[in-house]
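So the structure is just underneath, and the comments pick up after that.
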Amino acid sequence: NDPIALCLMGHQRYNEGEYDLAFEYWTQAAEMGDVKSHYRLSILYRHGLGVEKSEEKKLYYLEEAAIAGHPDARYNLGCIEAKNGRIDRAVKHWIIAANLGHDESIHLLKSFYKRGHMGKEDFA
């Protein structure tokens, strides 16, 4: 009952193309609070690997991972918000991801700032 071990087993199964087993391991680990497993479940639901594709479940697991501090999850939520035209919300997600050390978020924020899509006040 070790969430880290379960997450690692899920990753191993994923790499072997056994997505249904990866799903089982990551689900168990996520139920125990493993952040990486929440994020990886979002990937399975995004691509329909071992599960039926589900935008709703993808977002649920992305949000769970982001709330728990997963930088890639936070970045991806920002990208989803930007795609839906909610730039202000996207920027907030990217700022949080950047503060967690996510390099791509830092580059995006620099680009948005240079193009005038955001100002210094957004960083306050």
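The values are calculated or read from the model by the stated rules, or taken from the named source; none is laboratory data. Note that the structure is a prediction, hence the values are computed from the model and not measured. Here the Cβ positions follow ideal geometry from the backbone for every residue, glycine too, while neighbour counts run over all protein chains shown. The accessibility values were calculated without ligands, DNA or RNA, using every heavy atom of the protein model including side chains. Shrake-Rupley method; radii C 1.70, N 1.55, O 1.52, S 1.80 Å.
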* To do: Select from segment 1-22 the residues that are open to solvent by 80 Å² or more (accessible area, probe 1.4 Å), in a helix (DSSP H, G or I) and farther than 16 Å from residue 53 by Cα and list them in ascending order.
  => 4, 8, 12, 15
* **Where a residue in segment 56-84 is farther than 17 Å from residue 7 by Cβ and without any contact (Cβ under 8 Å) to a residue 24 or more places away in the chain and its partner, wherever it lies, is open to solvent by less than 70 Å² (accessible area, probe 1.4 Å) and in a loop (DSSP other than H, G, I, E, B), with Cβ under 9 Å and at least six apart** => 57/51; 60/54
* Structure fact -> Result of the Cβ filter at 9 Å on segment 10-21, keeping first residues that are charged (D, E, K, R) and partners that are open to solvent by 90 Å² or more (accessible area, probe 1.4 Å), at least 6 apart or interchain, is 13/24
